Amino acid sequence: MNNSIVFTGLPRSGITLLASMLNKDKDIYVTTSSPFVELLWRNYSIWSEDTYAGELDTDNMRKLKIPFLRGLTELYYSQLTSKPVVIDKRRAWQNVINIEMYRDIFGVLPKIICPVRRVVDIITSWKVLYKKNNKQWNYEDLKSNKFETAYYDLKESYAKYPECFLLVDYDNLVDDPHNVMDQVYDFIGCRCDRRILNFEVIKATELEGNHGLTGLHTLRNKLVRSDDKAEDILTEDEFMKFSDWDFWTVKELVGC
């Protein structure tokens, strides 16, 4: 995997937007929501399973493990693109177990690009999306990878491996895209001429799964903030509940 870069983030925080902005670059390929972390984990974990100990717990096979997993990675991405920088996008990368698997295989911690957003605005975005789809709003739906699983995974991994993360604040990205993208490119280590890239008009580069919700990954034609205000959309109880969920600090956000 080129440059040890992976892509994760909180739902409704600009993941599709930032991925599409990066995909404008001729040298960068950001996957859609990728199954690779699971493919890698299944091949990685089989070496520890008792069922296969007889075949895999030998000197030759132990020596083969890391070269095999690295080769599998190169083969996988070579079938997707010829671009020199490949960034795998999946929220599972912010799980501590997967971070440590990456370190074990590649000998370094991954660099993780991670869009975040005020949690009250994330919940507001979900609530508005439900209304647009004529679906009854129910926060219980978000007690899964739609929000809570991703949130708690990130909270745990950011506490343990903060050096891995570049937190990209959604509002900063929309308000000052060129400054934020400069910092993202510096994190990646890319030397492209960023001045030629137009970040003002963005289209999603590929379609993603939508969980049955039309508009889940739809991007606006221009970079502008949503008119939906958390104070107007959320109940007082909802606003109070989620107003203190932002465990990161302002000074650590890209664009500040």
* **Matching residues in the range 106-120 - criterion: being open to solvent by 20 Å² or more (accessible area, probe 1.4 Å) and either farther than 17 Å from Arg225 by Cβ or not basic (Lys, Arg) (or both)** => Phe106, Gly107, Val108, Leu109, Lys111
* **Pick from the range 139-159, criterion among the charged types (D, E, K, R) and in contact (Cβ under 8 Å) with a residue 60 or more places away in the chain, ranking: most open to solvent (accessible area, probe 1.4 Å)** => Glu156
* Out of the range 22-42, which residues are open to solvent by less than 20 Å² (accessible area, probe 1.4 Å) and either touching a strand residue (DSSP E or B) at 6+ places or on another chain (Cβ under 9 Å) or within 10 Å of Asp88 (Cα to Cα) (or both)? -> Leu22, Asp25, Ile28, Val30, Thr31, Ser34, Phe36, Val37
* What's the number of the condition Val180 fails, among (1) closer than 21 Å to Ser34 by Cβ; (2) open to solvent by less than 30 Å² (accessible area, probe 1.4 Å); (3) in contact with a Gly (Cβ under 8 Å, 6 or more places away or on another chain)? -> (1)
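For every residue, the table says whether it meets (1) open to solvent by 70 Å² or more (accessible area, probe 1.4 Å); (2) in contact (Cβ under 8 Å) with a residue 12 or more places away in the chain; (3) within 18 Å of the chain's Cα centre (by Cα).
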residue	(1), (2), (3)
Tyr44	no, yes, no
Leu64	yes, no, no
Arg70	yes, yes, no
Thr73	no, yes, no
Tyr76	no, yes, no
Thr81	no, yes, no
Val96	no, yes, yes
Ile99	no, yes, yes
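The values are calculated or read from the model by the stated rules, or taken from the named source; none is laboratory data. From a predicted model like this one, the values you see are computed outputs, not experimental measurements. Methodologically, a virtual Cβ is constructed for each residue, glycine included, from the backbone with ideal geometry; neighbour enumeration extends over all protein chains shown. Note: areas computed on protein heavy atoms with side chains; ligands, DNA, RNA excluded. Shrake-Rupley method; radii C 1.70, N 1.55, O 1.52, S 1.80 Å.
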